[in-house]
Amino acid sequence: MPSASPRLTLAWQIMSAPHDPHTVTRFLDHLAERDAKAAAFARQLLDAGAVVRSIWGPVQMDVWDLRLQRGDMMVRFGIERAFSDGVLVGRAGPEARPTLHPISLVVFTWARANGIPLPVDDPDRIEVDLSTQGIAAVDWMGAGHDDAVERVRAAWLEYQRKRDRLQGRMRGRPTDAELSALHAAGGAALEAAAPAPTA
């Protein structure tokens, strides 16, 4: 293992150890206090047969990391400084740092490909129902639709760059009209990048 920070070294040691089910339960209880929907989705995945690929924490500033594998896909849950990191999805593999996508983008892409309505009024806050859509979207991406998700993610990252430039130009205080225009343009860009419904 190459040299790394003490935090990463400790994380590697914990990830390499056998997974203690009590640690998983402790993390999910801790996560539920901060992000009930993410914790419920993790439990749903476990109930549906997902396996714990790694778990570590807490280290330093209340940092935790749980990675569940379902088929060829990995779903990541985390906490840092007492805040949820949200839910990230990527393809499972031997690499230490796989590309992970916010699950909201995965669900959005899956929904568009299947003709399911899902409004995008604000690309920073795409509201999805993980309890009914999460597993279906993860499985859909796992069936080989990585490129479709990547295209939507690229449009989302470009939206974020434009948002950051606007906030920098306005010293963090853009007007409501500017924010509305930014959100509308970002939503349109995501729509344009999303796949058309399949027959």
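The values are calculated or read from the model by the stated rules, or taken from the named source; none is laboratory data. Bear in mind that the values here come from a model prediction, so they are computed numbers and not experimental data. Cβ placement follows ideal geometry from the backbone for every residue including glycine, while neighbour counts extend to all protein chains displayed.
List of remarks:
- Considering the conditions (1) modelled with pLDDT of 95 or more; (2) in contact with a Pro (Cβ under 6 Å, 6 or more places away or on another chain), residue 155 is excluded by exactly one of them, (2).
- In the set 120, 87, 128, 149, only one residue is in contact with a Ser or Thr (Cβ under 9 Å, 6 or more places away or on another chain), in a loop (DSSP other than H, G, I, E, B) and of a type in the set (A, V, I, L, M, F, W, C); that residue is 128.
- Whenever a residue of segment 27-53 is in the same structural domain as residue 65 (by TED's automatic domain parsing) and part of a loop (DSSP other than H, G, I, E, B), its partners that are crowded, with 16+ Cβ neighbours inside 10 Å and modelled with pLDDT of 95 or more, lying with C-beta atoms within less than 6 angstrom and at least six residues away or across chains, give the pairs 34/84; 35/84; 50/68; 50/70.
- Residues (assigned to a loop (DSSP other than H, G, I, E, B) and among the basic types (Lys, Arg)) located in segment 152-173: 171, 173
- Enumeration of residues in segment 54-67 that are assigned to a strand (DSSP E or B) and over 21 Å from residue 102 (Cβ atoms): 56, 58, 59
So that you can scan it fast, the table gives a plain yes or no per residue for (1) in contact with a Cys (Cβ under 9 Å, 6 or more places away or on another chain); (2) at pLDDT 95 or above; (3) polar (S, T, N, Q):
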site	(1), (2), (3)
12	no, no, no
21	no, no, no
27	no, yes, no
31	no, yes, no
42	no, yes, no
47	no, yes, no
68	no, yes, no
79	no, yes, no
84	no, yes, yes
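- Boolean, residue 57 is outside the structural domain of residue 31 (by TED's automatic domain parsing) and either crowded, with 16+ Cβ neighbours inside 10 Å or of a type in the set (Lys, Arg) (or both): no
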